[in-house]
Amino acid sequence: MPRAFITGITGQDGQHLAEFLHGKGYDVFGMVKGQNNPRVAGLIEEMPWVETVSGDLADLPSLVAALEFVQPDEVYNLGAISFVALSFTQPELTANITGLGVLRMLEAIRMVGGTYNNPIRFYQASSSEMFGKVRETPQTELTPFHPRSPYGAAKVFGHDITVNYRESYGLYACSGILFNHEGPRRGLEFVTRKVTNAVARIKLGLQHELVMGTLDTKRDWGYAGDYVKAMWLMLQQDQPEDFVIATGETQTVRTLVERSFAEVGIEDWERYVRRDPKFDRPAEVDLLIGDSTKARTKLGWEPEVDFDSLIKMMVANDLALESAKSARRLGG
Ligand code: NAP
């Protein structure tokens, strides 16, 4: 059976990817950080077939030891400080994990698998945030980067060093430039989930308002379950290459809020939403929209879940989750 090693297994994409690869017959190994990581118990309960391996993207020896133990065919580097807002308050940590962490993983692959004709295939989780203050619309694999956050800047380093190791050492290393992708597993700190969860709680009478930053920001939102398939497809090609993965449609945060409230039958949503500039970023990324023609043509990849279905799925999940929590509280 092929063996896959995933960093960031406790995150949204890590879990979707683990499920997808398990379905394809892979032995799945996931790196977990910390001596008592609170997210690991839930992961093992949901996916008992994942073998966890201790390691941290800040610690090269742990990455080497993990690779020596796992002997993977494919490495998916999804671990990162991934929340843009946090990257402004903890920029050095972000540079170290989201940026230098990629270099450490590539070095570990070189050390364990040799250099030229290294058999390990590597996927790097690059991001549309690298485009930042966009130079052209829509954005493709050839659009120049102009990151607007420490997160975006760290991702640019991770992206460039992946390309550099491919060209310098002949590593099979690919970078997926993924636009925003969401789903019920999205962390509550991210705007889509913050909105769908608040809408569910407001509907259930558990919360009275939703406090937001700007509603004008535009994003190209897809479904995480569709996007992890693209990661795998990239590593099945004869030659390693980089691909933009996006839906090609963009929506404002205002539309996200409006559609989420409409899902629970609330039309006068403005009554519940308060604007607070504390959520504004020091530098904003106003508009992202990706052109994934290359992925559609070469990988045969297509997104299956559209924006409306995504919102429906996330609101339904949050309603079920919050109702169950509420019932547990009432029950005792
Ligand atoms: P996520 O839910 O925030 O997960 C991030 C993961 O990184 C968690 O499992 C976290 O582990 C792990 N991590 C944090 N610090 C680490 C460290 N020092 N060493 C090892 N692992 C560490 O992110 P996601 O949405 O799944 O995204 C996956 C990857 O794709 C990330 O690199 C993200 O930047 C990138 N990306 C995401 C999107 C998107 O829209 N979701 C778009 C483009 C690119 P613990 O929490 O257990 O510590």
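Sort through 93, 142 and tell me the only one that's open to solvent by 50 Å² or more (accessible area, probe 1.4 Å), without any contact (Cβ under 8 Å) to a residue 12 or more places away in the chain and either aliphatic (A, V, I, L, M) or in a strand (DSSP E or B) (or both). Full working, then the answer.
Details: 93 fails: without any contact (Cβ under 8 Å) to a residue 12 or more places away in the chain.
Going through 93, 142 in turn, the sole match is 142.
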* Asked: Would you pick out the residues in segment 218-249 that are assigned to a loop (DSSP other than H, G, I, E, B) and under 19 Å from residue 186 (Cα atoms)?
  -> 220, 221, 246, 247
* residue 209 is checked against (1) of a type in the set (Asp, Glu); (2) within 26 Å of residue 75 (Cβ to Cβ); (3) touching a residue at least 60 places away in the same chain (Cβ under 8 Å) and fails just one. What number does that condition carry? -> (2)
* Asked: How many of the residues in segment 222-236 are among the aromatic types (Phe, Trp, Tyr) and open to solvent by less than 10 Å² (accessible area, probe 1.4 Å)?
  -> 1
* Asked: Restricting attention to segment 1-51, and to residues there that are more than 9 Å from the ligand (Cβ to nearest atom), within 25 Å of residue 83 (Cα to Cα) and assigned to a helix (DSSP H, G or I), which single residue is most open to solvent (accessible area, probe 1.4 Å)?
  -> 46
* **Number of positions in segment 294-325 that are among the basic types (Lys, Arg) and crowded, with 20+ Cβ neighbours inside 10 Å** => 0
* Only one residue in 167, 136 is within 23 Å of residue 289 (Cβ to Cβ), open to solvent by 20 Å² or more (accessible area, probe 1.4 Å) and away from the ligand (no atom under 14 Å from the Cβ). Which one? -> 136
* To do: Evaluate segment 270-293: report whether one residue or more is open to solvent by less than 40 Å² (accessible area, probe 1.4 Å) and in a helix (DSSP H, G or I).
  => no
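The values are calculated or read from the model by the stated rules, or taken from the named source; none is laboratory data. Because the structure is predicted, anything quoted here is derived from the model rather than measured. Note: ideal-geometry Cβ built from the backbone for every residue, glycine included; neighbour counts use all protein chains shown. Ligands, DNA and RNA are stripped out before the accessible areas are found, and what is left, the full protein with its side chains, is counted by its heavy atoms. Shrake-Rupley method; radii C 1.70, N 1.55, O 1.52, S 1.80 Å.
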